[in-house]
Amino acid sequence: MKQIQKLGICLALMMPAPAIAQDTFGLSKTRYALYQSQINVLERRGILKPAAEAKKAPVVQEVIVSTKGKLRGRHMAVYLSSAKEAARRHNVPESLFLRLIQQESAWNKNARSPVGAIGLAQLMPGTARELGVNPNDPHANLEGGARYLSEQYKRFGSWRLALAAYNAGPGAVKKYNGIPPYKETQNYVRKILGG
């Protein structure tokens, strides 16, 4: 808190005094000298270093947008409570996980993708093995999907990137240092987040 106050004082000192002759940055010579001495003190104490680091890697708070449209699927009601429970167990926002299931399988427990993904959460057989779940059991499939999405969030620190990793694989997200330039993945993330 003191660091913020000191930085605030420095910024306040930068405010020009209109009746005084002005110099560098629009400050009077006296105010500029005081400002510069305060900057020097803060730099020596290392207080300004975090601000410089923040410029390199800004902190961004990700917000999950509520999507428009209703969830649909003939079998949604059968698996909705299991999907919500799995999301809660793995700290995944419920609405996000429900939209993922909608996008992946339209709540069809028998869904199979052309590349071999199975079930409600469309788990690849290798991923299901790694997670120790039976991809043909709808409840285990949901559990595995929620856990896998949670793992991707922990790995990448962003739901947007976690969704991209869920769709394209974590290797692709790592390779491109963000959402891969694949139309399918970009559309997938956009549809689920509603952006």
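Could you list the square roots of 5 times each eigenvalue of the Cα gyration tensor of the stretch 87-195, that is, the equivalent ellipsoid semi-axes, sorted largest first and rounded to whole Å? Can you show the working numbers first?
Working: eigenvalues 77, 42, 39 Å².
Those come to 20, 14, 14 Å.
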Exercise. Count of lysine pairs in the stretch 76-193 with Cα atoms under 25 Å apart, counting only pairs 8 or more residues apart in sequence or on different chains?
Worked result: 13
Exercise. Which parts of the stretch 129-173 would a label at residue 184 reach, counting a residue when its backbone N lies under 15 Å from a point 7 Å out along Cα-to-Cβ?
Worked result: 164-173
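Each value in this text was obtained by applying a stated rule to the coordinates, not by laboratory testing. Values in this document were obtained by computation on a predicted structure and should not be read as measured data. When we count neighbours, we look across all protein chains shown, and the Cβ atoms used for this are built from the backbone with ideal geometry, even at glycine.
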